[in-house]
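Visitor: To start, I am sharing the structure in question, which I have written as structure tokens.
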Amino acid sequence: MQYADENAASYQRDTFRLLREIEQRYAEGYYADHGIWFDPHDFDGAGPNDYPDVPVVRPVPALMLQPTDGREYVDLDEADGYDEGLPFDVVERLHALLD
């Protein structure tokens, strides 16, 4: 993470708070477990070690780097009804907010 605390630049503060909330909720088991497998080191997106030239101000919590225990693999690039991993209805609402 490129910003380590609440003292981040003002334009980064909301992102910092959102990431902290996601981390906290994940650690507390807030998110539903639907048996979907995911390994943060084995997917098409950028991983935590993909930018070795960028200094790490705050590392990704170890819990967030562990594969999930799910048994079902879901390829969201191939799944019907999704755009970049998000359900179409969510994408439409996000675009409406930006308009």
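No lab work stands behind these numbers, since they all come straight from the coordinates. Model, not experiment: these values are computed from the prediction. We place every Cβ from the backbone using ideal geometry, glycine too, and count neighbours over all the protein chains shown.
Visitor: First obtain the Kirkwood hydrodynamic radius of the chain from its Cα pairs, then insert it into the Stokes-Einstein equation at 37 °C and 0.692 mPa s, and state the resulting D in µm² per second as a whole number. Don't skip to the answer; put the middle values down first.
Guide: Working: Rh = 16.0 Å.
So the translational diffusion coefficient is about 206 µm²/s.
Visitor: Would you kindly derive the ³J(HN,Hα) couplings of the range 53-61 from the backbone phi angles with the Karplus curve 6.51 cos²θ - 1.76 cosθ + 1.60 (θ = phi - 60°), listing them in order in whole Hz, with x for Gly and Pro?
Guide: Per-residue couplings from phi come out as 7, 9, x, 8, 7, 9, x, 5, x Hz.
Visitor: For the chain, what is the mean residue ellipticity at 222 nm derived from helices alone (per DSSP H run of n ≥ 4: -39500 (n - 2.57); sum divided by total residues; nearest 500 deg cm²/dmol)?
Guide: Value at 222 nm, helices only: -9500 deg cm²/dmol.
Visitor: Suppose the Debye formula is applied to equal point scatterers at every Cα of the range 57-99; what is log10 I(q)/I(0) at q = 0.27 Å⁻¹?
Guide: Each listed q corresponds, in turn, to -0.88.
Visitor: Counting only other residues whose beta carbon sits under 9 Å from that of residue 36, what net charge do I get with K and R as +1, D and E as -1?
Guide: -1
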